[in-house]
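Some notes on the structure that comes next.
Throughout, read-outs are computed from the coordinates displayed, never taken from laboratory work. Quick caveat, the model's predicted, so the values are computed rather than measured. Every residue, glycine among them, receives a Cβ derived from its backbone with ideal geometry; neighbour counts consider all protein chains shown.
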Amino acid sequence: MERIARWLLERRNKGVLRELVPVERLGGGRLRLSGNKDSLPLWDFSSNDYLALAEHPDVILQSRNFLENFGTGSGAARLMSGDLTLHHLLEEEVARLKGCESALVFGSGYLANIGIIPALVGRGDVIFSDRLNHASIYDGCQLSGAKFHRFRHNDPSHLEELLRRQRGKGQALIVVESIYSMDGDRAPLKELVALKERYDALLMVDEAHATGVFGASGGGVVEEDGVTGQVDVVMGTFGKALGSYGAYGAASREMISYLVNRARSFVYSTALPPAVIGASLGALSVVKNEPDRRSNLKRKAAYFKECLKEHGITEDFGPSQIVPVLVGDSSRAMQVAKMLRSAALYVTAVRPPTVPEGTARLRFSITLHHPDDVLRNTAAQVARALKS
Ligand SMILES: *Cc1c(COP(=O)(O)O)cnc(C)c1O
């Protein structure tokens, strides 16, 4: 116990102890920090509910219907008696959205990544992972027992150099995100597909921040880049743009049968409950029937970047609804975030070790909740805080 107390104290003294901050969601993209009834409502720039589907009436209705018709829990793992027809309905819809033969639902994105990767590779095999991949991908790689190389972020020539030297004789897996969660930039999927074919590797793409947002029908960057048939496993989540919870892997029928048997986070975990499946199904119909949400989100993100530029903040913000504003120093980033909070803006300062040393930043997550005048004012407040 003394060790734990010492660890906590050290972290606190260094100012890097993470603590939970409960918030009260007020709807419409605003929140209040709990425990302070007088505090102002803040505009939330840290939520990944990009398409505002967590509050969409159709999504809520379908979730409620499933809750009332099928109860609160699924009762067991899928391979026991938890395999409900509605899980299959959702998997068919996901497969259609992703243009794949088949799909498999997982409890969360974290569980999908730590289940799929160790199913694909193990001892004697090798993984090539983008240096900025999400922690759940990293953990999946560690858990697999495969040899593990990280290539420079979005750098196919470094990946090729590693493939040439380290490919070996076993199975090889290349794993990337399509839209990176902290930088909002986009993977060069076509080049990665060419490399996976040249070096006989599997390719897995995590579309956590792209599903529902990119692609003509919301099928992600894989759809937009036209590489659907060439990616071995596309993974994505329901908890971000789809406003629900859980995750999926989409692939060939054969690959999905294999994952049903080999992905331990799928086999040994209770199936997602009906209300969550209902929300995900509701969200997929909105994504299909309301394409304007996607174009509106793109327009809002572009508008925000334009406003930042007008205020002299001119870095490369990338192509997505995730807009990183570089600050550099960690404590400075915290200070700027705090100043913005007093201007009624809630934005997260992302610091090392989540991002590389010296690249602490504010991560603005643009959603359909943000009115244009709020985006304009936010850009002005950011410029003011950075100058002070
Ligand atoms: C959020 C995220 C995950 C984890 O998904 P959860 O459903 O939140 O567990 C995995 N990969 C990436 C890139 C993410 O951003």
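Work out, step by step, the length gained on full extension between residue 314 and residue 14: first 0.36 nm times the residue separation, then minus their alpha carbon distance; give nm to one decimal. Could you put the intermediate results ahead of the total?
Working: separation 300, 0.36 × 300 = 108.00 nm, distance 3.21 nm.
Here the segment from residue 314 to residue 14 would lengthen by 104.8 nm.
Per 0.36 nm of contour for each residue apart, how much would the distance between residue 171 and residue 264 grow if the chain were fully extended, relative to their Cα-Cα spacing?
31.6 nm
If Lys and Arg each add +1 and Asp and Glu each add -1, what is the summed charge of the other residues whose beta carbon sits under 13 Å from the beta carbon of residue 138? Present the calculation step by step, with values, prior to reporting the outcome.
Values: positive: 131, 150; negative: 130, 139, 177, 206.
Summing Lys and Arg as +1 and Asp and Glu as -1 gives -2.
With r defined as the distance between the Cβ atoms of residue 164 and residue 197 and R0 fixed at 25 Å, what FRET efficiency is calculated, to the nearest 0.05?
Result of the calculation: an efficiency of 0.95.
Per 0.36 nm of contour for each residue apart, how much would the distance between residue 295 and residue 38 grow if the chain were fully extended, relative to their Cα-Cα spacing? Each step should come with its number before you reach the end.
Numbers: separation 257, 0.36 × 257 = 92.52 nm, distance 3.67 nm.
Value of the extension gain: 88.8 nm.
Quick one: check the C-alpha center-to-center distance for segment 1-32 versus segment 181-228, whole angstrom.
Between the Cα centre of segment 1-32 and that of segment 181-228, the gap is 34 Å.
Binning at 10 angstrom from zero up to the longest distance, how are the C-alpha pair distances of the chain distributed in percent?
Bins of 10 Å from zero give 5, 22, 30, 27, 14, 2, 0 percent of pairs.
What's the exposure ranking of 332, 164, going from fewest to most Cβ atoms within 10 Å?
On the way: 332 13, 164 10.
Ordered from fewest to most neighbouring Cβ atoms within 10 Å, 332, 164 come out as 164, 332.
What net charge do the residues around residue 252 carry, taking every other residue with its C-beta under 13 Å from that of residue 252, with Lys and Arg at +1 and Asp and Glu at -1?
Net local charge, residue 252 excluded: -1.
Do the sum for the chain: with -39,500 (n - 2.57) for every DSSP H run of n ≥ 4, divided by all residues, what is the mean residue ellipticity at 222 nm, to the nearest 500 deg cm²/dmol?
-13000 deg cm²/dmol
Tally Lys and Arg at +1 and Asp and Glu at -1 over the other residues with C-beta under 14 Å from the C-beta of residue 376: what net charge comes out?
Here the charged neighbours net out to +1.
List residues of segment 317-341, by number, whose backbone nitrogen lies under 15 Å from a label position 7 Å along Cα→C-beta of residue 384.
Within reach of a label on residue 384, which here means backbone N under 15 Å from a point 7 Å along Cα→Cβ, segment 317-341 contributes 336-341.
Highest first, please rank the peptides 269-278, 223-232 by the mean number of other Cβ atoms sitting within 10 Å of their residues.
Values: 269-278: 22.4, 223-232: 18.0.
Per-residue Cβ counts within 10 Å, averaged per peptide and sorted highest first, yield 269-278, 223-232.
Roughly how many nanometres apart are two label points built 7 Å out from the Cα toward the Cβ at residue 123 and residue 65?
Result: 5.1 nm between the two label points.
Per the Kirkwood definition applied to all pairs of different Cα atoms, how many angstroms is the hydrodynamic radius of segment 63-202?
17.0 Å is the Kirkwood radius here.
List 186, 341 from most exposed to least, where exposure is judged by having the fewest other Cβ atoms within 10 Å.
341, 186
Please enumerate, by chain and number, the lysines with C-alpha under 28 Å from the C-alpha of residue 305, excluding those fewer than 8 residues away in the same chain.
The qualifying lysines are 190, 240, 288, 338, 387.
Label segment 18-107 by shape, choosing from rounded, prolate and oblate, from the square roots a ≥ b ≥ c of the eigenvalues of the Cα gyration tensor; if a/c is under 1.5 it is rounded, and otherwise prolate applies when a/b is larger than b/c, oblate when it is not.
Prolate shape, in that a/c is at least 1.5 and a/b is the bigger ratio.
Under 19 Å Cα to Cα from residue 169, which lysines show up? Leave out anything in the same chain fewer than 8 places away.
Within reach: 147, 196.
Where does each of 64-73, 10-19 land if you order them by average Cβ count within 10 Å, highest first? Intermediate results must be reported in sequence, preceding the final value.
Working: 64-73: 13.9, 10-19: 9.7.
The peptides rank, most packed first, as 64-73, 10-19.
Write down the percent of antiparallel bridges among all DSSP beta bridges whose residues are both part of the chain, to the nearest 5.
Percent antiparallel among DSSP bridges in the chain is about 60.
Read phi for every residue in segment 15-24 and hand back ³J(HN,Hα) as whole Hz from Karplus 6.51 cos²θ - 1.76 cosθ + 1.60, θ = phi - 60°, with x for Gly and Pro.
Those phi angles translate into x, 10, 6, 8, 9, 6, 10, x, 10, 10 Hz.
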